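Enquirer: For reference, the structure I am asking about is given below.
The values are calculated or read from the model by the stated rules, or taken from the named source; none is laboratory data. Bear in mind the structure is a predicted one, so any value in this text is a computation, not a measurement. Virtual Cβ from ideal backbone geometry, glycine too; neighbours counted across all protein chains shown.
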Amino acid sequence: MEPSKRHKLSASARREARWGLLFLSPWLIGFLVFTLVPMVASLLFSFTDFNLLRPDEVHFVGLKNYRHLLHDPLVEQSMLVTLRFILISVPVGMLFPLLLATLLNAKRLKGKPFLRTLFYMPYIVPMISAAYIWRGFLGTTDGWLNKGLAVLGIKGPDWWNSPRWIYPALVLAGLWGVGNAMLTMLASMQGVPTELYEAAKVDGATPIHTFRHITLPMISPVLFYNLVLILIGTFQYFLLPWVIKGPNGDPGGATMFYNLYLFKTAFPYSDMGYGATLAWVLFFIILLVTLFLFGTAKYWVYYPSEEV
Amino acid sequence: MRKWMVFLSVLLVLSFFLSACGSAPTATPAPTEEATEVSTPEPTEEATPEPTEEAVEPVVIRWFVGLGTGGNPEQIEAQQNVVDRFNAEHEDIQIELEIVQNDVAYDTLKTEIASGNPPDIVGPVGMRGANEFEGMWLDLSDLIESHNYDMSDYDPATVEFYRDNDGALLGIPFAVYPSFIYYNRDLFDEAGLPYPPHKYGEPYADGDPWTVEKLEEIAMKLTVDANGNDATSPDFDPENIVQFGYLTQWTDPRGQATLFGPGSFVDENGNAQIPENWRAAFHWYYDGMWSKWFIPNGPYQGSDLLAAGNPFNSGNLAMAHCHLWYTCCLGDVENWDIAATPSYNGQITSKLHADTFRILNTTEHPDEAFTVLAYLLDDAAPDLLLVYGAMPAHKSLQAAFFEGLDEKYPQGVDWQVAIDSLSYADHPSHESWMPNFAKADDRIKAFQSLYENTPDLDIDAELDKLRDDLQAIFDEVK
């Protein structure tokens, strides 16, 4: 039945479909050439010893790269660095925009448009500029924050050079980019039906109860969305420490994130075969984490439209 | 069900591309095919109606700039002028200039090589940059002979700098950058200290030999805290230093250690080692940063006090050991001069940087590439050296070069120190090749970051760990 239905397309409908495809073609071609083909190529590379400097000496090595990955101490080290950073930055990256959104959603707050713009503005500052600003702001001997702490008689930490303090420093710098998450959460909060709050008020609910039992469940789809994005982004994180601390994972390997090690393996070390292997393993790790989140979403994400 | 259909569709598309691209990674590229294509001129039928005259297709030689200097606007313009001049004079060879910014140049060149589209000539590039492409450079010995290229105007020692262990000559000297001590006259005057000696072999003003130990002694007197105490005072406050005595500036651990004599982390059997003179050097640097305080440690080097990474130019550093190329970046400190490198255990070592142009061994046109190389080294050299700020390896061009520097720095600088320093170049070079170079280099820099930023380290233990890690890195490519 399907083919005959297709034949029944009118001339104008076919023309419309052709035009549609034509307008879609830049994206389709771009996707094929710049995404799908490189992805497939990288999968193939992961089974070879492809070295960028010896492109004519490529050999199929089977699963050798994957076996090497299991015994590579730098993989373990870089993955631990990434997981450690995720444990610190993801909760902060979720709670801080939620806090800002709650603040901006408060009825009695004055100057909301101004504050909303103010909190969102850093998001449009290019990452590289932000990195340099934060590098100066958190400087050890002349950074504004440490100078401020010195006025209070507190000796500020060596933010960028201490393996202990580098993560808080990076998280602080990363908070500049929460404007987008804050906006989506705020929009979601403003979409919660007011009658729910009114009913809760009548029932004598406190603001904390209201937030816990009405606001949070109602905005949970947006929280879920942001959590997925932040997690994926943090697994791929490395630009900010790269700009601030350079390409060597300073201090003491504390910023040798998995993605940085991947990039270095593929390009500076020229080992594209192993680099591709690292990329695919990262892809599968992110896929598993994402599937886990989607699998557990039914227990904590509330979709009003799914209620019958 | 629908999710499964989507999943299967994706798999189908993937398998289609897998089969289509199956042989791609193992296919042997034709390295210069594209370069040859590029060399094909526009159709000339209309311009040359005579069928008997064959159109001569010029060979295109691609010149890749980016591994070293060459990316600044004035340099780009000068390089383009050099290219245009050559192209106007040669019908059979045309240069195609490819300039890539330094931060992406290494990856770009590797990608070009991997995709079978490498350039012919690369440069200017130093020893360290060339090491990342070890095994890719053409031996010029035969071409020098067949082209009767005149090597007499070069210092033989500088020529040997470019010979590898197998005797292949992988470059011809173009620009050399000896190293020496930059010192701030004002800070010495303020402290009432005589300047360091300018002539190699001469003692310090008080008659003591000009050694690393003597340098340390005066550097401590030149290191001052906010209360005006110097680093020899028991009241000295290391938390509030406002002026430092010495720094081996803008180099990696191999460069720093070379002040104590040449060496290598690779022994004659290709295994990792820590030379004893370098072990002593790292103790000296570490103590200088964390207990004697005359060398700025990492946090101080990155602070505004030391111009956030350009310490000598801040005016708050009395002495810096650095190369001649540092004259690029001395706009803020005015009253400076240069002095001899001190000795260690009776040996003077002034590490040398040397940039040149190299020909990739993938070129399909070695003769034409050499013609272009010779043009860059000779006819184009004065223009290029001027914008690169480089000391000519051609002895006949050196006087004019220093006249130019005198115009830029009128306070009077004793440039003879720079020329004399060439006689104390490091062999082996502090930038010499190591197995698994990029990875080994990263590990060494991680060690630098550690000792420059971490107090209370056991330096010997860290050096032993460095040696073990380097051995593992070397073993990966054995």
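Enquirer: If only one of B:Ile295, B:Ile274 is out of contact with any strand residue (DSSP E or B) (no Cβ under 9 Å at 6 or more places or on another chain) and among the β-branched types (Val, Ile, Thr), which one is it?
Expert: B:Ile274
Enquirer: Going by what's in this entry, would A:Tyr132 be described as within 22 Å of A:Gly249 (Cα to Cα) and either free of Cβ contacts under 8 Å to residues at least 60 places away in the same chain or part of a helix (DSSP H, G or I) (or both)?
Expert: So A:Tyr132 fits the description; yes.
Enquirer: Does B:Val224 fit the bill of being touching a strand residue (DSSP E or B) at 6+ places or on another chain (Cβ under 8 Å), of a type in the set (Val, Ile, Thr) and more than 17 Å from B:Tyr300 (Cα to Cα)?
Expert: No, not satisfied.
Enquirer: Across the stretch B:372-409, which residue is nearest to B:Leu330 (Cα to Cα) among those that are among the small types (Gly, Ala, Ser) and in a helix (DSSP H, G or I)?
Expert: The residue in question is B:Gly404.
Enquirer: Something else about it: Being aromatic (Phe, Trp, Tyr) and part of a loop (DSSP other than H, G, I, E, B) is the filter here, so list the residues in the stretch B:103-159 that pass it.
Expert: Listed by number, the residues that qualify are B:Phe133, B:Tyr149, B:Tyr154.
Enquirer: Let me ask something additional. Do we have any residue at all in the stretch B:449-460 that's among the acidic types (Asp, Glu), assigned to a helix (DSSP H, G or I) and either without any contact (Cβ under 8 Å) to a residue 12 or more places away in the chain or within 30 Å of A:Pro251 (Cα to Cα) (or both)?
Expert: yes
Enquirer: Given B:Val59, B:Val82, B:Val100, B:Val104, which one is within 14 Å of chain A (Cβ to nearest Cβ) and out of contact with any Gly (no Cβ under 7 Å at 6 or more places or on another chain)?
Expert: None of the others qualify; the one that does is B:Val104.
Enquirer: Return yes or no: is A:Val92 over 19 Å from A:Leu278 (Cα atoms) and of a type in the set (A, V, I, L, M)?
Expert: yes
Enquirer: Further question: Restricting to the stretch A:45-56, what's the tally of residues that are surrounded by fewer than 21 Cβ atoms within 10 Å (Cβ to Cβ), at the interface with chain B (Cβ under 7 Å from one of its Cβ atoms) and free of Cβ contacts under 8 Å to residues at least 24 places away in the same chain?
Expert: 1
Enquirer: What residue, of A:Pro122, A:Pro126, A:Pro97, is at negative phi and without any contact (Cβ under 8 Å) to a residue 12 or more places away in the chain?
Expert: Criteria check complete, one pass: A:Pro126.
Enquirer: Pick from B:Leu373, B:Leu306, B:Leu317: which is surrounded by 21 or more Cβ atoms within 10 Å (Cβ to Cβ) and in the same structural domain as B:Arg85 (by TED's automatic domain parsing)?
Expert: Residue meeting the stated conditions: B:Leu373.
Enquirer: Looking only at residues that are aliphatic (A, V, I, L, M) and at pLDDT 95 or above in the stretch B:68-98, which one is surrounded by the fewest Cβ atoms within 10 Å (Cβ to Cβ)?
Expert: Only one residue fits best here, namely B:Ala88.
Enquirer: Something else: Within the stretch A:85-117, restricting attention to residues that are surrounded by fewer than 13 Cβ atoms within 10 Å (Cβ to Cβ) and hydrophobic (A, V, I, L, M, F, W, C), which residue is nearest to A:Ile208 (Cα to Cα)?
Expert: A:Ala106
Enquirer: I've got another one for you. Of all residues in the stretch B:281-312 being part of a helix (DSSP H, G or I) and among the aromatic types (Phe, Trp, Tyr), which is nearest to the other protein chains (Cβ to nearest Cβ)?
Expert: Here the answer is B:Tyr300.
Enquirer: While we're here: Counting only residues that are outside any loop (DSSP other than H, G, I, E, B) and either assigned by TED's automatic domain parsing to the domain that holds B:Leu385 or at pLDDT below 90 (or both), which one in the stretch B:320-333 is nearest to B:Asp252 (Cα to Cα)?
Expert: B:Trp325
Enquirer: I'd like the full set of residues that are part of a loop (DSSP other than H, G, I, E, B), surrounded by 19 or more Cβ atoms within 10 Å (Cβ to Cβ) and more than 14 Å from every other protein chain (Cβ to nearest Cβ), limited to the stretch B:416-448.
Expert: B:Ala425, B:Asp426, B:Ser429, B:His430, B:Glu431, B:Ser432
Enquirer: Can you spot a residue in the stretch B:245-254 that is over 22 Å from A:Lys245 (Cβ atoms) and away from every other protein chain (no Cβ under 14 Å)?
Expert: Scanning the stretch B:245-254 turns up at least one residue that is over 22 Å from A:Lys245 (Cβ atoms) and away from every other protein chain (no Cβ under 14 Å).
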